[in-house]
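None of the figures in this text is laboratory data; all of them are computed from the coordinates on show. Predicted, not measured: the structure shown is a model, and the values here were computed from it.
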Amino acid sequence: MKRTNLRIERERHRREDNKIFILKAAEKVIAQKGYSSATMDDIAEEAQFSKATLYRYFPSKGELFFEIIVSSLDEMSQKMRNIQEKRMRSDRKLTETIRLVLKHFEEKENIARIFFMDKFLMEKLLIFMIGEQDLVSDTERRYIKKIKAKRKEVFNSLCEIITSGVDGGEFRRLQAEETVIALESMLYGFYYGRYWRDKRFSLEKGTDLIYNHFFHGIKKGRK
């Protein structure tokens, strides 16, 4: 590789490392102070960058927060692909994926809580879910496309595990997309419903609970 190309590659890696570091710092600050109260000054101080440097990577706090969401989904998608590539039965892959999603929810708990506590973000979330035409900027439209694309990657990974299990004779004949919708509903309901429950489950217990009820159901088998 030419010397010039090596320099360009090193610079690219440096910028990527800085970006990741800024995102982690921003996630920490926003989790502590809330989205509305956190400032770019706070984030720059936590990341130990000048505010001018911070703005070179992210022009606004809104873009920074959207990028946290995209990065989080990208991280989950990559880990799911790693599970898919393993040489193991589909039911084992399904168990590992359920555990991965629950663990990811735990790690991002503070960010998820902010959505429900911050009025501005809650309004944005509702727009994303039911009224994209009301998005007010090209930046928001660009990020919602990114978020939906990453969500689709996660969804497709689950579909591939189900399809592989059906083709391999491990699972009964069923529609993969509908099955994943049901599984996602269980995962989201189980995790976010914990705020209303007195009983808490460990990661392993939660994984077993969801897998067993999803995979085996509750119908009594024939004698």
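Remark: relative contact order (the chain) = 22 percent; criterion is Cα-Cα distance under 8 angstrom and separation of 6 or more residues. Helices in the chain that qualify as membrane-span-like (whole DSSP H runs, Cα extent of at least 18 Å along the helix axis, mean Kyte-Doolittle hydropathy of -1.0 or higher) are 61-84, 90-107, 138-167, 176-192, 203-216. In the calculated pair-distance distribution of the chain, the portion above 23 angstrom amounts to 58 percent of the Cα-Cα pairs.
Computed over Cα pairs, the Kirkwood radius of region 1-42 leads via Stokes-Einstein (1.002 mPa s, 20 °C) to a diffusion coefficient of 178 µm² per second. What shape does region 3-123 have by the C-alpha gyration tensor, where a ≥ b ≥ c are the square roots of the eigenvalues, rounded means a/c under 1.5, and otherwise prolate means a/b greater than b/c and oblate the rest? The shape class here is oblate. For region 1-102, the relative contact order comes to 20 percent (Cα pairs under 8 Å, sequence separation of at least 6).
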